[in-house]
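The values are calculated or read from the model by the stated rules, or taken from the named source; none is laboratory data. Every value quoted in this text rests on a predicted model; they were computed, and no experiment measured them. Note: ideal-geometry Cβ built from the backbone for every residue, glycine included; neighbour counts use all protein chains shown. Heads up: the accessible areas ignore ligands, DNA and RNA and are worked out on the full protein's heavy atoms, side chains in. Shrake-Rupley method; radii C 1.70, N 1.55, O 1.52, S 1.80 Å.
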Amino acid sequence: MCRWITVMSAKDMSLSDVVLAPPNSLVQLSRDASIHPGFGSDNNHITNGDGFGIGWYHSNTTTVPRYPSLNNENIEGHPNMYAAVFKDTAPAWNNQNLREICVATRSHAILAHVRAASRFAKVTQENCHPFKCGRLLFCHNGRIDKFPSIRRKLMDRLTDTAFHFVKGTTDSECLFALILTFLEEDGKADDGVKPKDQDTPFGHSRLVQAIKKTYKCVEKLIKDAIESGKMQNYSFSTMNFSLTDGVTAVVTRFCDKSPDVLPPSLYFAYGNANELVAEITSKNPEEYVMNLKNSKNSGTDSETSPESDSEPDDPSSDSDKESSPSDATATAKSSPQQPTIITGLSPIVDGIDINNLAELPEDFTYDELPIALVLRESLPGLNYGDVNPREAAFVVASNPLTKTHSWNPMPRNSIMWITRGNMPELRLLRSKKPKLESIVCEHTIIL
(Lines give C-alpha, C1' and ligand atoms only; values in the text may rest on other atoms or scores of the structure.)
Protein backbone atom coordinates (compact mmCIF):
# COMPACT_ATOMS: atom_id res chain seq x y z
CA MET A 1 0.00 0.00 0.00
CA CYS A 2 1.13 3.53 -0.72
CA ARG A 3 -0.03 7.12 -0.18
CA TRP A 4 -0.66 9.80 -2.80
CA ILE A 5 -1.79 13.40 -3.21
CA THR A 6 -3.38 14.97 -6.30
CA VAL A 7 -3.92 18.69 -6.90
CA MET A 8 -5.84 20.49 -9.65
CA SER A 9 -5.87 24.24 -9.12
CA ALA A 10 -6.99 27.33 -11.00
CA LYS A 11 -3.70 28.98 -10.10
CA ASP A 12 -0.18 27.70 -9.69
CA MET A 13 0.86 26.29 -6.33
CA SER A 14 4.31 25.55 -5.02
CA LEU A 15 5.05 21.84 -4.96
CA SER A 16 6.16 22.41 -1.37
CA ASP A 17 2.55 23.36 -0.48
CA VAL A 18 1.63 19.67 -0.48
CA VAL A 19 4.96 17.84 -0.28
CA LEU A 20 6.64 19.74 2.56
CA ALA A 21 4.50 22.35 4.30
CA PRO A 22 1.25 20.73 5.59
CA PRO A 23 1.19 19.07 9.02
CA ASN A 24 0.36 15.81 7.22
CA SER A 25 2.47 16.48 4.11
CA LEU A 26 3.67 13.86 1.65
CA VAL A 27 7.00 13.69 3.48
CA GLN A 28 5.16 13.14 6.76
CA LEU A 29 3.02 10.41 5.14
CA SER A 30 6.20 8.59 4.14
CA ARG A 31 7.13 8.44 7.83
CA ASP A 32 3.73 8.05 9.45
CA ALA A 33 0.41 7.75 7.60
CA SER A 34 -1.61 6.71 10.65
CA ILE A 35 -4.01 9.69 10.61
CA HIS A 36 -7.05 8.61 8.58
CA PRO A 37 -10.17 9.60 10.58
CA GLY A 38 -13.26 7.55 9.86
CA PHE A 39 -11.25 4.61 8.49
CA GLY A 40 -9.53 1.67 10.17
CA SER A 41 -5.97 0.48 9.74
CA ASP A 42 -6.88 -2.20 7.18
CA ASN A 43 -5.28 -1.45 3.79
CA ASN A 44 -3.74 1.74 5.16
CA HIS A 45 0.02 1.28 5.43
CA ILE A 46 1.69 3.47 8.07
CA THR A 47 5.27 3.66 6.76
CA ASN A 48 5.90 4.32 3.06
CA GLY A 49 9.66 4.52 2.63
CA ASP A 50 10.28 2.47 -0.53
CA GLY A 51 10.78 5.45 -2.80
CA PHE A 52 8.73 8.41 -3.95
CA GLY A 53 7.79 10.37 -7.02
CA ILE A 54 6.31 13.73 -7.84
CA GLY A 55 4.80 14.86 -11.13
CA TRP A 56 3.78 18.30 -12.30
CA TYR A 57 2.93 20.20 -15.48
CA HIS A 58 4.72 23.00 -17.31
CA SER A 59 4.57 24.74 -20.69
CA ASN A 60 8.26 25.51 -21.02
CA THR A 61 9.64 25.57 -24.54
CA THR A 62 13.09 24.12 -25.10
CA THR A 63 15.88 24.10 -27.64
CA VAL A 64 16.78 20.51 -26.85
CA PRO A 65 16.39 18.46 -30.07
CA ARG A 66 14.40 15.29 -30.21
CA TYR A 67 16.01 12.77 -27.94
CA PRO A 68 15.34 9.10 -27.09
CA SER A 69 13.40 8.54 -23.90
CA LEU A 70 11.10 5.96 -22.40
CA ASN A 71 8.13 7.72 -23.96
CA ASN A 72 9.79 8.98 -27.17
CA GLU A 73 8.32 12.43 -26.70
CA ASN A 74 9.35 15.37 -28.86
CA ILE A 75 9.46 18.61 -26.90
CA GLU A 76 11.54 20.71 -29.28
CA GLY A 77 10.15 24.24 -29.25
CA HIS A 78 6.65 22.93 -28.54
CA PRO A 79 4.47 25.32 -26.47
CA ASN A 80 1.96 22.72 -25.27
CA MET A 81 1.60 21.53 -21.69
CA TYR A 82 4.02 18.83 -20.62
CA ALA A 83 4.29 16.50 -17.67
CA ALA A 84 7.52 16.27 -15.69
CA VAL A 85 8.45 13.73 -13.03
CA PHE A 86 11.12 13.30 -10.39
CA LYS A 87 11.54 9.91 -8.71
CA ASP A 88 13.96 8.25 -6.37
CA THR A 89 14.20 5.04 -4.37
CA ALA A 90 15.29 6.82 -1.19
CA PRO A 91 12.66 7.62 1.46
CA ALA A 92 10.99 10.97 0.86
CA TRP A 93 11.98 12.15 4.33
CA ASN A 94 15.66 11.73 3.47
CA ASN A 95 16.04 13.34 0.05
CA GLN A 96 17.45 16.84 -0.14
CA ASN A 97 16.89 17.08 -3.91
CA LEU A 98 13.15 16.59 -3.38
CA ARG A 99 13.09 19.59 -1.07
CA GLU A 100 15.08 21.77 -3.45
CA ILE A 101 12.87 20.92 -6.45
CA CYS A 102 9.64 21.44 -4.51
CA VAL A 103 10.65 24.85 -3.20
CA ALA A 104 11.72 26.02 -6.68
CA THR A 105 8.78 24.66 -8.71
CA ARG A 106 5.18 25.77 -9.15
CA SER A 107 2.36 24.15 -11.08
CA HIS A 108 -1.43 24.10 -11.28
CA ALA A 109 -1.51 20.27 -11.44
CA ILE A 110 0.51 18.10 -9.06
CA LEU A 111 0.61 14.35 -8.45
CA ALA A 112 2.82 13.10 -5.61
CA HIS A 113 3.32 9.55 -4.30
CA VAL A 114 5.21 7.68 -1.58
CA ARG A 115 5.62 3.93 -1.93
CA ALA A 116 5.31 0.87 0.24
CA ALA A 117 6.50 -1.86 -2.11
CA SER A 118 4.53 -5.06 -2.56
CA ARG A 119 6.22 -8.44 -2.25
CA PHE A 120 6.49 -8.99 -6.02
CA ALA A 121 8.00 -5.62 -6.97
CA LYS A 122 11.56 -4.45 -6.46
CA VAL A 123 12.54 -1.04 -5.14
CA THR A 124 13.73 0.63 -8.33
CA GLN A 125 13.10 3.97 -10.03
CA GLU A 126 11.13 2.19 -12.77
CA ASN A 127 8.72 0.97 -10.10
CA CYS A 128 8.23 4.35 -8.43
CA HIS A 129 5.07 6.31 -9.15
CA PRO A 130 3.80 8.44 -10.82
CA PHE A 131 4.08 6.78 -14.21
CA LYS A 132 4.20 9.06 -17.22
CA CYS A 133 3.09 8.57 -20.81
CA GLY A 134 2.99 11.70 -22.97
CA ARG A 135 0.92 14.23 -21.05
CA LEU A 136 -0.67 11.60 -18.80
CA LEU A 137 0.41 10.92 -15.22
CA PHE A 138 -0.87 7.99 -13.15
CA CYS A 139 -0.40 6.56 -9.68
CA HIS A 140 -2.01 3.74 -7.72
CA ASN A 141 -2.54 2.92 -4.05
CA GLY A 142 -3.47 -0.70 -3.49
CA ARG A 143 -2.60 -4.12 -4.87
CA ILE A 144 -3.87 -6.85 -7.19
CA ASP A 145 -3.87 -10.01 -5.09
CA LYS A 146 -1.97 -12.92 -6.66
CA PHE A 147 -1.00 -10.61 -9.52
CA PRO A 148 1.52 -13.02 -11.13
CA SER A 149 -1.41 -15.37 -11.81
CA ILE A 150 -3.01 -12.87 -14.21
CA ARG A 151 -0.04 -10.81 -15.37
CA ARG A 152 0.54 -12.69 -18.61
CA LYS A 153 -3.15 -12.58 -19.59
CA LEU A 154 -3.23 -8.87 -18.78
CA MET A 155 -0.14 -8.20 -20.88
CA ASP A 156 -1.70 -10.14 -23.77
CA ARG A 157 -4.61 -7.69 -23.66
CA LEU A 158 -2.39 -4.64 -24.21
CA THR A 159 -1.82 -2.89 -27.52
CA ASP A 160 1.72 -3.00 -28.85
CA THR A 161 2.29 0.61 -27.83
CA ALA A 162 1.05 0.03 -24.27
CA PHE A 163 2.99 -3.24 -23.99
CA HIS A 164 6.31 -1.58 -24.85
CA PHE A 165 5.52 1.20 -22.36
CA VAL A 166 5.88 -1.16 -19.36
CA LYS A 167 9.44 -1.00 -18.00
CA GLY A 168 9.04 -2.09 -14.37
CA THR A 169 7.58 -5.03 -12.47
CA THR A 170 4.63 -3.49 -10.62
CA ASP A 171 0.95 -4.30 -11.00
CA SER A 172 0.41 -0.53 -10.98
CA GLU A 173 2.32 0.12 -14.21
CA CYS A 174 0.49 -2.75 -15.91
CA LEU A 175 -2.83 -1.22 -14.83
CA PHE A 176 -1.75 2.10 -16.35
CA ALA A 177 -0.84 0.27 -19.56
CA LEU A 178 -4.33 -1.22 -19.59
CA ILE A 179 -5.81 2.28 -19.26
CA LEU A 180 -3.61 3.40 -22.17
CA THR A 181 -4.89 0.45 -24.19
CA PHE A 182 -8.53 1.40 -23.68
CA LEU A 183 -7.77 5.03 -24.53
CA GLU A 184 -6.04 3.92 -27.73
CA GLU A 185 -8.98 1.70 -28.68
CA ASP A 186 -11.85 4.06 -27.87
CA GLY A 187 -11.85 5.65 -31.33
CA LYS A 188 -12.20 9.17 -29.92
CA ALA A 189 -8.72 10.52 -30.60
CA ASP A 190 -8.28 12.98 -33.45
CA ASP A 191 -6.73 11.26 -36.49
CA GLY A 192 -6.24 8.11 -34.41
CA VAL A 193 -3.36 9.62 -32.44
CA LYS A 194 -2.05 7.35 -29.71
CA PRO A 195 -2.20 8.46 -26.04
CA LYS A 196 1.58 8.86 -25.85
CA ASP A 197 1.49 11.33 -28.76
CA GLN A 198 -1.66 13.27 -27.91
CA ASP A 199 -0.85 16.87 -27.00
CA THR A 200 -4.41 18.05 -26.29
CA PRO A 201 -6.57 17.32 -23.21
CA PHE A 202 -8.35 13.96 -23.19
CA GLY A 203 -11.55 15.15 -21.47
CA HIS A 204 -13.07 13.52 -18.41
CA SER A 205 -15.38 11.17 -20.32
CA ARG A 206 -12.54 9.30 -22.03
CA LEU A 207 -10.47 9.03 -18.87
CA VAL A 208 -13.42 7.85 -16.76
CA GLN A 209 -14.48 5.22 -19.29
CA ALA A 210 -10.91 3.90 -19.62
CA ILE A 211 -10.66 3.45 -15.85
CA LYS A 212 -14.03 1.71 -15.63
CA LYS A 213 -13.06 -0.66 -18.45
CA THR A 214 -9.80 -1.37 -16.60
CA TYR A 215 -11.69 -2.36 -13.45
CA LYS A 216 -13.99 -4.66 -15.40
CA CYS A 217 -11.09 -6.23 -17.31
CA VAL A 218 -9.11 -6.94 -14.12
CA GLU A 219 -12.15 -8.43 -12.40
CA LYS A 220 -12.77 -10.73 -15.38
CA LEU A 221 -9.12 -11.83 -15.51
CA ILE A 222 -9.28 -12.68 -11.80
CA LYS A 223 -12.57 -14.55 -12.23
CA ASP A 224 -11.19 -16.57 -15.16
CA ALA A 225 -7.99 -17.40 -13.25
CA ILE A 226 -9.96 -18.61 -10.23
CA GLU A 227 -12.29 -20.75 -12.35
CA SER A 228 -9.39 -22.28 -14.27
CA GLY A 229 -7.53 -23.14 -11.07
CA LYS A 230 -4.55 -20.88 -11.88
CA MET A 231 -5.36 -18.61 -8.94
CA GLN A 232 -5.99 -20.09 -5.50
CA ASN A 233 -6.81 -18.55 -2.12
CA TYR A 234 -7.66 -15.21 -3.70
CA SER A 235 -8.60 -12.53 -1.15
CA PHE A 236 -9.24 -9.05 -2.60
CA SER A 237 -7.79 -6.32 -4.77
CA THR A 238 -7.72 -2.58 -4.13
CA MET A 239 -7.35 0.10 -6.78
CA ASN A 240 -7.23 3.73 -5.67
CA PHE A 241 -6.23 5.51 -8.89
CA SER A 242 -5.18 9.03 -9.78
CA LEU A 243 -5.00 9.89 -13.49
CA THR A 244 -4.50 13.34 -14.97
CA ASP A 245 -3.66 15.02 -18.26
CA GLY A 246 -2.87 18.36 -16.61
CA VAL A 247 -6.35 19.78 -17.27
CA THR A 248 -8.61 17.04 -15.92
CA ALA A 249 -7.92 14.82 -12.90
CA VAL A 250 -9.80 11.58 -12.24
CA VAL A 251 -9.49 9.82 -8.88
CA THR A 252 -11.01 6.60 -7.61
CA ARG A 253 -11.44 4.61 -4.41
CA PHE A 254 -12.21 0.97 -5.16
CA CYS A 255 -12.09 -2.59 -3.79
CA ASP A 256 -13.54 -5.56 -5.67
CA LYS A 257 -14.78 -7.09 -2.39
CA SER A 258 -16.42 -3.96 -0.98
CA PRO A 259 -18.35 -3.60 1.32
CA ASP A 260 -16.87 -6.70 3.00
CA VAL A 261 -13.38 -5.27 2.49
CA LEU A 262 -12.88 -1.51 2.37
CA PRO A 263 -10.47 0.20 -0.03
CA PRO A 264 -7.64 2.35 1.33
CA SER A 265 -8.68 5.71 2.74
CA LEU A 266 -9.09 8.75 0.48
CA TYR A 267 -10.18 12.33 1.21
CA PHE A 268 -10.97 15.40 -0.87
CA ALA A 269 -11.09 19.14 -0.27
CA TYR A 270 -12.32 21.92 -2.55
CA GLY A 271 -12.31 25.67 -2.06
CA ASN A 272 -10.86 29.02 -3.01
CA ALA A 273 -7.29 28.28 -4.07
CA ASN A 274 -5.71 31.03 -1.98
CA GLU A 275 -7.66 30.15 1.15
CA LEU A 276 -7.14 26.41 0.78
CA VAL A 277 -3.38 26.81 0.30
CA ALA A 278 -3.23 29.18 3.26
CA GLU A 279 -5.06 26.60 5.38
CA ILE A 280 -2.94 23.55 4.54
CA THR A 281 0.35 25.47 4.82
CA SER A 282 -0.53 27.35 8.00
CA LYS A 283 1.52 26.59 11.11
CA ASN A 284 -1.80 26.29 12.93
CA PRO A 285 -4.53 25.27 10.44
CA GLU A 286 -7.19 25.05 13.14
CA GLU A 287 -6.53 28.64 14.22
CA TYR A 288 -6.48 29.78 10.60
CA VAL A 289 -9.87 28.21 9.92
CA MET A 290 -11.33 29.76 13.07
CA ASN A 291 -10.03 33.20 12.11
CA LEU A 292 -11.38 32.75 8.60
CA LYS A 293 -14.78 31.75 9.96
CA ASN A 294 -14.89 34.77 12.27
CA SER A 295 -13.87 37.12 9.47
CA LYS A 296 -16.55 35.75 7.14
CA ASN A 297 -19.19 35.97 9.87
CA SER A 298 -18.25 39.59 10.46
CA GLY A 299 -18.35 40.32 6.73
CA THR A 300 -14.64 41.17 6.43
CA ASP A 301 -11.88 39.54 4.45
CA SER A 302 -9.46 37.28 6.31
CA GLU A 303 -6.16 38.98 6.99
CA THR A 304 -4.33 35.69 6.67
CA SER A 305 -5.67 34.86 3.22
CA PRO A 306 -3.98 36.37 0.16
CA GLU A 307 -6.12 38.37 -2.22
CA SER A 308 -7.79 36.09 -4.75
CA ASP A 309 -7.01 36.40 -8.42
CA SER A 310 -10.03 37.05 -10.62
CA GLU A 311 -8.88 34.62 -13.31
CA PRO A 312 -7.01 31.31 -13.18
CA ASP A 313 -3.62 31.11 -14.79
CA ASP A 314 -4.77 28.98 -17.71
CA PRO A 315 -8.39 27.85 -17.56
CA SER A 316 -9.05 25.09 -20.05
CA SER A 317 -11.42 25.55 -22.94
CA ASP A 318 -10.91 21.93 -24.00
CA SER A 319 -12.97 20.34 -21.22
CA ASP A 320 -16.09 18.31 -21.82
CA LYS A 321 -19.21 20.47 -21.88
CA GLU A 322 -21.50 17.76 -20.56
CA SER A 323 -23.66 19.14 -17.77
CA SER A 324 -23.73 17.40 -14.41
CA PRO A 325 -26.92 15.80 -13.10
CA SER A 326 -25.64 16.66 -9.66
CA ASP A 327 -26.59 20.30 -10.20
CA ALA A 328 -30.12 19.48 -9.12
CA THR A 329 -29.92 18.64 -5.42
CA ALA A 330 -32.70 16.95 -3.51
CA THR A 331 -33.86 18.41 -0.22
CA ALA A 332 -32.80 16.50 2.87
CA LYS A 333 -35.59 15.33 5.14
CA SER A 334 -35.39 13.15 8.20
CA SER A 335 -37.65 12.44 11.14
CA PRO A 336 -38.17 9.53 13.53
CA GLN A 337 -41.47 8.70 11.79
CA GLN A 338 -40.10 8.73 8.23
CA PRO A 339 -37.36 6.80 6.44
CA THR A 340 -34.15 8.77 6.09
CA ILE A 341 -34.05 10.73 2.83
CA ILE A 342 -30.63 10.92 1.23
CA THR A 343 -29.81 14.25 -0.35
CA GLY A 344 -27.53 14.68 -3.28
CA LEU A 345 -28.71 11.75 -5.37
CA SER A 346 -29.93 12.17 -8.90
CA PRO A 347 -33.69 11.67 -8.40
CA ILE A 348 -34.23 9.11 -11.18
CA VAL A 349 -31.93 6.25 -12.21
CA ASP A 350 -33.29 3.74 -14.73
CA GLY A 351 -36.81 4.98 -14.04
CA ILE A 352 -36.54 4.46 -10.27
CA ASP A 353 -36.76 7.22 -7.66
CA ILE A 354 -33.63 6.68 -5.58
CA ASN A 355 -33.96 9.53 -3.11
CA ASN A 356 -35.48 7.17 -0.56
CA LEU A 357 -33.24 4.15 -0.08
CA ALA A 358 -35.88 2.36 1.98
CA GLU A 359 -38.10 2.08 -1.10
CA LEU A 360 -35.46 0.77 -3.51
CA PRO A 361 -36.10 -2.76 -4.82
CA GLU A 362 -33.76 -5.42 -3.45
CA ASP A 363 -32.32 -6.15 -6.91
CA PHE A 364 -31.56 -2.48 -7.65
CA THR A 365 -28.15 -1.97 -9.25
CA TYR A 366 -26.45 0.97 -10.94
CA ASP A 367 -23.46 1.70 -13.11
CA GLU A 368 -22.85 5.29 -12.00
CA LEU A 369 -24.84 6.97 -9.24
CA PRO A 370 -24.43 10.79 -9.25
CA ILE A 371 -23.85 12.46 -5.87
CA ALA A 372 -24.44 16.20 -5.56
CA LEU A 373 -21.61 18.18 -3.98
CA VAL A 374 -23.11 21.67 -4.01
CA LEU A 375 -24.10 21.47 -0.32
CA ARG A 376 -20.82 20.04 0.92
CA GLU A 377 -19.02 22.42 3.26
CA SER A 378 -15.94 23.95 1.72
CA LEU A 379 -14.45 26.60 3.99
CA PRO A 380 -16.33 28.35 6.82
CA GLY A 381 -19.42 30.07 5.50
CA LEU A 382 -19.23 28.46 2.08
CA ASN A 383 -20.56 25.36 0.40
CA TYR A 384 -19.04 23.85 -2.74
CA GLY A 385 -21.75 25.54 -4.79
CA ASP A 386 -20.64 28.94 -3.47
CA VAL A 387 -17.03 28.53 -4.61
CA ASN A 388 -16.03 30.18 -7.88
CA PRO A 389 -14.56 27.26 -9.90
CA ARG A 390 -12.31 29.65 -11.81
CA GLU A 391 -10.59 30.57 -8.52
CA ALA A 392 -10.69 27.14 -6.88
CA ALA A 393 -8.34 24.30 -5.97
CA PHE A 394 -9.21 20.62 -5.61
CA VAL A 395 -6.98 18.42 -3.46
CA VAL A 396 -7.36 14.65 -3.04
CA ALA A 397 -5.13 12.76 -0.61
CA SER A 398 -4.84 9.33 0.95
CA ASN A 399 -4.77 11.09 4.32
CA PRO A 400 -6.09 14.56 5.22
CA LEU A 401 -3.25 17.07 5.04
CA THR A 402 -4.58 18.88 8.11
CA LYS A 403 -6.90 18.10 11.02
CA THR A 404 -9.32 20.81 9.95
CA HIS A 405 -12.87 20.21 8.75
CA SER A 406 -12.26 20.78 5.04
CA TRP A 407 -11.57 17.12 4.26
CA ASN A 408 -14.41 14.88 3.08
CA PRO A 409 -13.94 11.10 3.11
CA MET A 410 -14.44 9.71 -0.38
CA PRO A 411 -17.12 7.00 -0.63
CA ARG A 412 -16.00 3.44 -1.18
CA ASN A 413 -16.15 2.26 -4.80
CA SER A 414 -16.54 5.74 -6.22
CA ILE A 415 -14.99 7.93 -8.87
CA MET A 416 -14.45 11.70 -8.92
CA TRP A 417 -13.20 14.07 -11.56
CA ILE A 418 -12.54 17.73 -12.01
CA THR A 419 -11.66 19.74 -15.08
CA ARG A 420 -9.84 22.97 -14.40
CA GLY A 421 -12.29 25.85 -14.06
CA ASN A 422 -15.22 23.52 -13.20
CA MET A 423 -16.68 21.98 -10.05
CA PRO A 424 -15.66 18.44 -9.09
CA GLU A 425 -18.14 15.65 -9.76
CA LEU A 426 -18.67 12.44 -7.80
CA ARG A 427 -20.22 9.10 -8.80
CA LEU A 428 -20.71 5.86 -6.95
CA LEU A 429 -19.58 3.03 -9.20
CA ARG A 430 -21.43 -0.12 -10.16
CA SER A 431 -22.91 -1.78 -7.13
CA LYS A 432 -26.02 -3.31 -5.66
CA LYS A 433 -28.56 -1.44 -3.54
CA PRO A 434 -26.55 0.59 -1.00
CA LYS A 435 -27.03 -0.19 2.69
CA LEU A 436 -28.24 2.82 4.66
CA GLU A 437 -26.28 1.97 7.80
CA SER A 438 -22.99 1.61 5.93
CA ILE A 439 -23.62 4.87 4.07
CA VAL A 440 -24.20 6.74 7.33
CA CYS A 441 -21.09 5.22 8.93
CA GLU A 442 -18.82 6.19 6.05
CA HIS A 443 -20.45 9.60 5.50
CA THR A 444 -20.66 8.77 1.83
CA ILE A 445 -23.78 10.55 0.70
CA ILE A 446 -25.17 12.32 3.73
CA LEU A 447 -24.62 16.02 3.04
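Numbers for the structure displayed
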| quantity | calculated |
| --- | --- |
| The one condition in (1) in contact with a Leu (Cβ under 6 Å, 6 or more places away or on another chain); (2) free of Cβ contacts under 8 Å to residues at least 12 places away in the same chain that Ala162 fails to fulfil | (2) |
| Selection status of Gln232, more than 25 Å from Pro411 (Cα to Cα) and either at pLDDT below 95 or not in a strand (DSSP E or B) (or both) | yes |
| Residue match in the range 179-202 (condition: within 20 Å of Trp4 (Cα to Cα) and buried (at least 21 other Cβ atoms within 10 Å of the Cβ)) | yes |
| Residues located in the range 117-132, provided they are open to solvent by less than 10 Å² (accessible area, probe 1.4 Å) and either modelled with pLDDT under 95 or in contact with a helix residue (DSSP H, G or I) (Cβ under 7 Å, 6 or more places away or on another chain) (or both) | Asn127, Cys128, His129, Phe131 |
| Of all residues in the range 130-186 being in a loop (DSSP other than H, G, I, E, B) and touching a strand residue (DSSP E or B) at 6+ places or on another chain (Cβ under 6 Å), the one that is nearest to Gly246 (Cα to Cα) | Arg135 |
| Neighbours by Cβ (under 8 Å, 6+ apart or cross-chain): first from the range 258-269, closer than 17 Å to Tyr215 by Cβ and of a type in the set (Ser, Thr, Tyr); second open to solvent by less than 40 Å² (accessible area, probe 1.4 Å) and not in a strand (DSSP E or B) | Ser258/Asn413 |
| Lone qualifier among Asp224, Asp197, Asp260, Asp245 - being over 16 Å from the mean Cα position of the chain (by Cα) and under 18 Å from Leu175 (Cα atoms) | Asp224 |
| Looking only at the range 64-104, and only at residues there that are loosely packed, with under 15 Cβ neighbours inside 10 Å, among the aliphatic types (A, V, I, L, M) and modelled with pLDDT under 90, the one that is nearest to Gly246 (Cα to Cα) | Leu70 |
| Hits in the range 235-282 (condition: closer than 15 Å to Ile415 by Cα and in contact with a helix residue (DSSP H, G or I) (Cβ under 7 Å, 6 or more places away or on another chain)) | Met239, Phe241, Leu243, Thr248, Val250, Thr252, Phe254, Asp256, Ala269 |
| Cβ pairs under 9 Å, 6+ apart, first in the range 371-393 and at positive phi, second open to solvent by 30 Å² or more (accessible area, probe 1.4 Å) | Gly381/Lys293; Gly381/Lys296; Gly381/Asn297 |
